[in-house]
């Protein structure tokens, strides 16, 4: 597959760009930068000027905040054909969080100035932009709700259900190391391990290293809703 075809295929999977004409896609392709990031390399730091929007081509990136005590709270894990930093880029302010490659990654960088020029010539893109940003807001609202209203067991169950749905089957690999997953769920590694073991002991899931097999999805749904089984 040529670089041009790959660029169009990836952008076609992103709601913000899915309805762009070929001429608009070609215009974007001329200004996009493809950059490689090594595992653990920072894409940007909190406080950097938000000058670009990012699209993951390969690899994965975590977007996270640090507390005053240095505790990490993962806001988003970005996979291929997904974008991040769109809200900060369009606002023209600083990045409000950190972004770091979880593994060797290739990322498209789209410059704010060029995107705004495209937006000025394509009003329909503005509606798509609002839709994409509203989805981001809803995702962050769900994160706040999960952290504030669900106990750890319910959060773990919901996360496993989400991963199963994303994989399209009952067997999948956990995409994060246990410590990073614990941070993402607002807990610590030891508590996460205890909750996974409890689900295993209840015959709700089977654990084979990083591989999870959902045995009883109905029970997992009840636990994710805060019900006891």
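All of the numbers you see were taken from the coordinates with simple rules; none came from a lab. Quick caveat: nothing in here was measured; it's all calculated off a predicted structure. Because the Cβ atoms are built from the backbone with ideal geometry, glycine has one as well, and the counts that use them run over all protein chains shown.
Using label points projected 7 Å from each Cα along Cα→Cβ, tell me how many nm separate residue 203 and residue 81, to one decimal.
3.8 nm
Name the residues of the stretch 33-67 whose amide N is less than 16 Å from a point 7 angstrom out from the Cα of residue 117 along the C-beta direction?
Taking a point 7 Å out along Cα→Cβ of residue 117, the residues of the stretch 33-67 whose backbone N falls under 16 Å are 33, 52-53.
How far apart, in nm, are the 7 Å Cα→Cβ label points at residue 65 and residue 138?
About 2.2 nm separates the two model spin labels.
By how many nm would the segment from residue 171 to residue 228 lengthen if fully extended, with 0.36 nm per residue of separation less the alpha-carbon distance? Please list the in-between numbers first.
Details: separation 57, 0.36 × 57 = 20.52 nm, distance 2.35 nm.
Fully extending the segment from residue 171 to residue 228 adds 18.2 nm.
If we restrict to alpha carbons, what Rg and Dmax does the stretch 150-224 come to, in Å?
Reported Rg and Dmax, both Å: 10.9, 29.
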